[in-house]
Each structure stands twice: as structure tokens, then as C-alpha cells.
Amino acid sequence: MPPGSLDHTASRAAGYRHAEEPIGSVTDAYSGHLTPDLAVATYRNIHRLFPSRTIAAGGPVRELSRSPRGLGEISVAVADQRYDLYDYLALNSVTGLLVLHRGQIRYETYQRGNGPDTRWMSMSVAKSVTSTLAGMAIHDGAIAEGLAARVGDYVPALAGSAYTEVTLRELLMMASGVGWNETYTDPGSDRRALLAAQLEQRPGAAMAVMAKLPRVAPPGTRHNYSTGETQILAEMVSRAVGCPLADYLAQKLWQPFGMEADATWWLASPQGIEIGGSGIAATLRDYARFGQFLLEGGCVAGTSLLPAGWIAEATQPSVLVGGESVDYGYMWWSGWTEPSRRDRAFAARGIHGQYLYVNPRRELVIVQHAAAPKPMGRMVIEPMRLFDAVAAALTDG
């Protein structure tokens, strides 16, 4: 097979221990129609749902040493009830949780048969990975215009559409002014139309969906969360760097930073562009290493891979034309609780309970894998409240 592609049969033969489990469908996952056990099996086998490209690990592994100290007692108050960490794991359907403090593991747990070798779906955590690759492409000079680059100049399929004059910065902020309905469970939504195009696996199908969308506001004036815009970003970056995103990620970060295991990334068509808004499957520890990379300023061996000031700009609230501030940067969520705002913490998050949380002030990375029953962002205990409690517990150093 061509470099970077993943043969499902070869994956099974390689001994991935979850490979023979029965799984559900993508449509059932987005509809919230998976039973708990089937959801877990599906989310650790997502490379079987779409053609996928390997994000290849290689070279020395960056070891994550284990601190002799644990977390201590962690609890969160919700209304008139107090919940501890064990309540949190159970009530939020958590399948993996890792706390990395100052580069050391302070807590790590796996549930529902998962383990350090389990690759788990990212869902929209992938958006934050794709946006980071955009920063790398600017730093490398592949996007010479930087944040002022126009979509129409990089994605020919969108020339003449409502996206033609949208800038890279507006795209990263999801402030294009183009109409979009993100409702996962609505079969008539734009999000489900994009999913149908991805399931079709025809080259160009996703951009055909995006090209038909109407303009509803001037660019930069309105934030509207859109998975479709991350697919446009994937097209821009891949075309700019001249190689698949999975290969670019492997070459720039996965191998030099010492990721432990191969990961996989869904494709919009066989041998085509990666699905920029979802579909990365990686281990808990490698997601944590990605967070550590950001915590260390986006550097590998002392060399920055990102433009100066990129992380601060990408991970803190954006200001729209007109002055409105939103808790969203360049496809990263800025902290939305008072403690996380004070610490300038930020997070990548995905439906069904996936989180990558980074707190620069506390030198803290938290990664969560979960299998929430509905793709609605509804958790019994708000994850950021738990992350705040962990951060507070570590203030003693």
C-alpha cells in the first residue's frame, strides 16, 4: 500500500488487542444510538470506520516518569452535592484519565478494558491538532501570507463560494460569517450533510458541501462553531505543505517529540485528505505528550515549531469585529471557569467526553477519554470543574 496508509487486515495481524471486537457505525455514534459496551469497542477501533492514514511513531520514546506523589483527595461540588474522583470516573463514563504535572505522571487510570496500548478516538480534539499544524505551516513558510492567507487561494473548489475571501485567521476562529448548523443528532443539519459526504468517500465531496453554504454575516463578526471549517483548514494546510497531514504531523512532531505509538487519522476519501475535525486515534499518553509539547512552548529539542506568540494567541479568547470576546481561540477553547481563566488554561474537547487540558501556570496537562452516551457535550460533572480541582490540589508543588 502507499506510504502512510493503513491496511485494516495488517492492523489486525500486527496484534492490536482490540481489533476483533464488534463495533457500531459512524452514524449510530453521531446519533447517540450505541449501547455502552458497543460504544467503547467502537471508539477504540475507529480506524475500521473509515480509511485511515498512519501517523507513524519512530525514534527514541519520550519517557513519562511517574511521580512518587499521587493526587490526594479530589472533590467537586455540584449544587448541594459533593463528588469525588471515583464518582467522576463512573458518572462521566470515563475510560481513561491521565494527569501530567511538570512532566511526571501524577495519576493514570484505564477503564472498560482500555490500557496504555489502546488507541482512542479524538473526535473534535483533532481540530486543535489541525490548527496547530496550520501554525507549523506558517512557521515553515508554506503559508507565506500567514493568518491573512485567503481560502480561495488555497482551495480551488471553494473559489467563487462564500469562503473565497475568508482569511485563515477567520477560519481558525470559526468566524467566517458563513452559515452552518452543527447539530450532530439532527439528520438535516449541515454537520450530518458533511458526515454523509465523508461516508461517500468520494474525492471532493466534502468541499462540494462547503461550497454551497450561504453567507449570513460579514467575516470576523460572528463566531459559529463549524466542523466543516476544520475540513477546509485541512485542505489548506495539506495543499500548502505538499503532503498528507498525518505525514506532516509524524515528521514535525510525532517522531521528534518521542511519541510512543503509531496513531491513525481518518481520510475523507481513499488516499485523500485527512478529516480535519475528527478521526485521530491515539493513546492516552501520546495525547498527553502533545499537551506537554504545547506546555513547553511548542518546542522540540529547544527549537520552536510555531510562530512567536502562536500558543498564547491560539488558546485564549478571540475578539470579533465589533469587540465581542468569545472563549475560543484558533480551534482551542480557552478556560471557561474563573480558576481556569486566571491560569490561562485551555482545552481541546470532543463530543462523548474527550479532553486535552493544558494549564501553563500550574505546568499541568490532563487528558480524558470517555464514552458519553450522547454527542451533546453533556457530562454529569462538568470536566473543567474537575480539572480546576486537580490544579488546586497541585498548588503545593
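The values are calculated or read from the model by the stated rules, or taken from the named source; none is laboratory data. No experiment lies behind these values; they were computed from the predicted model shown. Cβ sites come from the backbone with ideal geometry, for glycine too, and all protein chains shown count toward neighbours.
Taking first residues from the range 378-392 that are at pLDDT 95 or above and partners that are part of a helix (DSSP H, G or I) and of a type in the set (A, V, I, L, M), the Cβ contacts under 9 Å between residues at least 6 apart in sequence or on separate chains come to L386/L85; A389/L85; V390/L85.
Just checking, how many residues over the range 343-380 are among the basic types (K, R) and over 16 Å from H101 (Cβ atoms)?
4
Among the residues making up the range 211-250, those that are among the polar types (S, T, N, Q) and in contact with a Phe, Trp or Tyr (Cβ under 9 Å, 6 or more places away or on another chain) are N224, S226, T227, S238. Looking at the range 73-82, is at least one residue surrounded by fewer than 12 Cβ atoms within 10 Å (Cβ to Cβ) and at positive phi? Within the range 73-82, one or more residues are surrounded by fewer than 12 Cβ atoms within 10 Å (Cβ to Cβ) and at positive phi. Of the residues in the range 60-83, not one is touching a Gly at 6+ places or on another chain (Cβ under 7 Å) and either at pLDDT below 90 or under 14 Å from M121 (Cβ atoms) (or both). Selection of the range 337-365 for residues being in contact with a helix residue (DSSP H, G or I) (Cβ under 6 Å, 6 or more places away or on another chain), within 16 Å of Y225 (Cβ to Cβ) and either among the aliphatic types (A, V, I, L, M) or surrounded by fewer than 17 Cβ atoms within 10 Å (Cβ to Cβ) (or both) yields only A348. Of the residues screened, E260 is not one that is among the acidic types (D, E) and either closer than 12 Å to I273 by Cα or modelled with pLDDT under 95 (or both). Go through (1) of a type outside the set (S, T, Y); (2) in a loop (DSSP other than H, G, I, E, B); (3) touching a His at 6+ places or on another chain (Cβ under 8 Å) and name the single condition A281 misses. The number of the failed condition is (2). Taken together, the residues in the range 206-242 that are touching a helix residue (DSSP H, G or I) at 6+ places or on another chain (Cβ under 8 Å), over 19 Å from R192 (Cα atoms) and of a type in the set (D, E, K, R) amount to 2. Here L195 clears all of (1) touching a helix residue (DSSP H, G or I) at 6+ places or on another chain (Cβ under 8 Å); (2) within 20 Å of G160 (Cβ to Cβ); (3) not polar (S, T, N, Q) except the condition numbered (2).
Would you confirm whether or not the range 298-310 contains a residue that is among the polar types (S, T, N, Q), surrounded by fewer than 17 Cβ atoms within 10 Å (Cβ to Cβ) and more than 23 Å from S176 (Cα to Cα)? Yes - at least one qualifying residue is present in the range 298-310. Would you pick out the residues in the range 167-186 that are surrounded by fewer than 24 Cβ atoms within 10 Å (Cβ to Cβ), touching a residue at least 24 places away in the same chain (Cβ under 8 Å), touching a helix residue (DSSP H, G or I) at 6+ places or on another chain (Cβ under 7 Å) and assigned to a loop (DSSP other than H, G, I, E, B)? Across the range 167-186, the qualifying residues are W180, E182, Y184, T185.
Note on the range 265-280: residues that are surrounded by fewer than 24 Cβ atoms within 10 Å (Cβ to Cβ) and either closer than 15 Å to I46 by Cα or of a type outside the set (V, I, T) (or both) amount to 4.
Across the range 220-249, the number of residues qualifying as buried (at least 22 other Cβ atoms within 10 Å of the Cβ) and outside any helix (DSSP H, G or I) comes to 2.
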